[in-house]
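The values are calculated or read from the model by the stated rules, or taken from the named source; none is laboratory data. Note that the coordinates shown come from a computational prediction; the quantities given were computed from them, not determined experimentally. Reconstructed Cβ throughout: ideal geometry from the backbone, glycine too, with neighbour counts over all protein chains shown.
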Amino acid sequence: MRALVLVGGQGTRLRPLTYDAPKQMLPIVGRPMIARVLEWLGGYGVDEVVLSLGYRPDAFLAAYPDGHIAGVAIRYAVEDSPLDTAGAIAFAAREAGFEDDRLIVLNGDVLTDLDLGRFVEFHERSGAAATIALTPVEDPSAFGVVPTAPDGHVLAFIEKPEPGTAPTNLINAGIYILEPPTLAAIPRDRPVSIEREIFPLLVADGGLYAASSDAYWIDSGTPATYLGAQLDIVRGRRRGVALDVDEVAPGLRVATGVRAGAEIHAPAYVGAGSVVAPGAEVADAVIGEACRIEAGASVRSAVLLDRAVVRRGAVVESSVIGWGAVVGEGATLTGGTLVGAGTEVEPGALLDGARRPV
């Protein structure tokens, strides 16, 4: 099977982390997000993927020079200018020579345990021109809402309805199956939205179907969900997600090189070469490689990327600290604060939901 993964966005909601890397190259517990996505695809027999690239394509080319990610062969399609979702899909399919194939298409920041095999089977039984995967959410107002008939036939596609007006809580999960005639119908060489142009046309023609699942699903493109996607892994909410360390106690995964004597409480992941000093506390957190957490510091429900430093007495909670960044002595970071690569947070700073640098 072949698939197309959309990875062209600038990741503005995750700035400043995405100043230094495209969103899908940000780590999810020790591996780039794109590797986690392709591990899932490969597990269902997808053996060839085209990445639709826009922002920072060099990062992908440099990271995967042999043309494989997680054992899956990859091709690249680089847009000269943004073509929106459907435009990017059509362009990438042409560039890769996938136009005559049934394609699995997904947004590159979607992490899921969806049973892809059953999803493909549903699509085949329905005879649909395109099929959308649906997932339930508490507040559908920020998503494309998809009411269906009992057989899965899509009745409407309502993009980001006003709060309280959605007819269902089932939303577009950013995973599709498209048949070749659907690909061919996408206008070329201009921006085209699959949500606002292509899906409504398919609804009118009766060719759009959807299948819902309550399997794990998260759009990891916001500070809260990027953090949550990682904590969900260490909390055991994902099935079959590989970690390259030993589990030394239930929920506690610690790589070699971590200094004994610190308070490290499950669930947690601590990467190779990291030093957690005696008197420091780590709980419900993901610590990358070669990080340093000094005595009296506390890291809770947070993520430190490789080589980050948390100085003595500092508190990092519900926040993400970028590569090589330093949290100064006695500082407190909370509320989804993001600290970019190499940035130094001054001693004693109080940051709540902040961005450093802006």
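Checked against (1) at negative phi; (2) at pLDDT below 95; (3) crowded, with 21+ Cβ neighbours inside 10 Å, residue 61 passes all but a single condition, namely (3). Only one entry in 204, 184, 224, 173 is in contact with a strand residue (DSSP E or B) (Cβ under 8 Å, 6 or more places away or on another chain) and among the small types (Gly, Ala, Ser), namely 173. Looking across the stretch 275-302, the residues that are more than 23 Å from the chain's Cα centre (by Cα), part of a loop (DSSP other than H, G, I, E, B) and either surrounded by fewer than 24 Cβ atoms within 10 Å (Cβ to Cβ) or not assigned by TED's automatic domain parsing to the domain that holds residue 328 (or both) come down to 277, 278, 279, 290, 294, 295, 296. The helices (runs of 4 or more DSSP H) found entirely in the stretch 15-88 that carry 2 or more residues being touching a residue at least 60 places away in the same chain (Cβ under 8 Å) are 17-20, 33-42. Within the stretch 193-221, if we keep just the residues that are in contact with a helix residue (DSSP H, G or I) (Cβ under 7 Å, 6 or more places away or on another chain) and in a loop (DSSP other than H, G, I, E, B), the residue that is surrounded by the fewest Cβ atoms within 10 Å (Cβ to Cβ) turns out to be 193. Checking the structure you have, find out if any residue of the stretch 260-267 is closer than 23 Å to residue 26 by Cα and modelled with pLDDT under 90. Scanning the stretch 260-267 turns up at least one residue that is closer than 23 Å to residue 26 by Cα and modelled with pLDDT under 90. Looking across 326, 320, one residue alone is closer than 26 Å to residue 22 by Cβ, at pLDDT 95 or above and touching a Pro at 6+ places or on another chain (Cβ under 9 Å). It is 320.
So for the stretch 134-157 (the condition being over 22 Å from the mean Cα position of the chain (by Cα), of a type in the set (A, V, I, L, M, F, W, C) and within 16 Å of residue 4 (Cβ to Cβ)), does at least one residue qualify? The answer is no; no qualifying residue exists.
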